[in-house]
Amino acid sequence: MINASGNTGSSGETHTCQPLVLSSMKKEDLAYLAGIVDGEGCIHIGKDNGSWGNRTPRYILVLQVSMVDKTPLLLAQFAFGGYLRLRHRKNLKWKPLWEWGIKSAKAVSCLRDLLPYLRTKRAEAELGITFWEQSNHEKTFLPKTAEQIAFKESAYLGMRALKDKSSIE
């Protein structure tokens with residue numbers, strides 16, 4: 001993993017930066033990062049269908065951005081935290097990709113800050129925020145009701161439908 005200065009940690013652990021006080025960020029910086037998310041980002045609700053003996057599916061909100069230039073991703077990591085890693089690709093003719101990502105509460109915080117500037121991913125961000133707000137108080141060890149599972153599955157399928165719709169347009 002890479003920290004905000006671009007250095008790898010010696011132990012291979014994930015290194016995250018302290019989030020900036022967002023009031024110190026310029027609106028132009030937030031708009032710039034929103035443009036990066038709109039163009040290169042992926043907002044999704046991940047689903048684990050009950051691995052490791054747990055039959056209740058688990059859902060998680062994820063925001064990821066992958067691109068060749070790591071500079072915008074360093075800004076995102078510095079502003080919102082998360083991880084930054086280098087991904088080598090199977091085709092050696094292709095340049096490696098840098099990937100920045102955040103999950104759960106950090107993803108929601110980031111999406112709330114970027115929401116006024118998002119265009120193509122706005123509906124996905126709104127659904128992700130709603131998903132988190134309506135399900136973030138649950139503890140993973142508590143049994144989930146059929147209603148809670150139905151809501152999460154509906155949000156998961158809704159996010160997939162938004163992605164299918166955007167790929168057609």
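Residues in the range 75-91 that are loosely packed, with under 15 Cβ neighbours inside 10 Å and in contact with a Cys (Cβ under 9 Å, 6 or more places away or on another chain): none.
Checked against (1) surrounded by 15 or more Cβ atoms within 10 Å (Cβ to Cβ); (2) within 14 Å of TYR32 (Cα to Cα), VAL108 passes all but a single condition, namely (2). One residue stands out among those in the range 64-74 that are without any contact (Cβ under 8 Å) to a residue 40 or more places away in the chain and not aliphatic (A, V, I, L, M): the one that is surrounded by the most Cβ atoms within 10 Å (Cβ to Cβ), which is GLN64. Within the range 77-105, the residues that satisfy the criterion of being without any contact (Cβ under 8 Å) to a residue 60 or more places away in the chain and closer than 14 Å to VAL62 by Cβ are GLU99, TRP100, GLY101, ILE102, LYS103, SER104, ALA105.
No lab work stands behind these numbers, since they all come straight from the coordinates. These numbers come from a predicted model, not from an experiment. We place every Cβ from the backbone using ideal geometry, glycine too, and count neighbours over all the protein chains shown.
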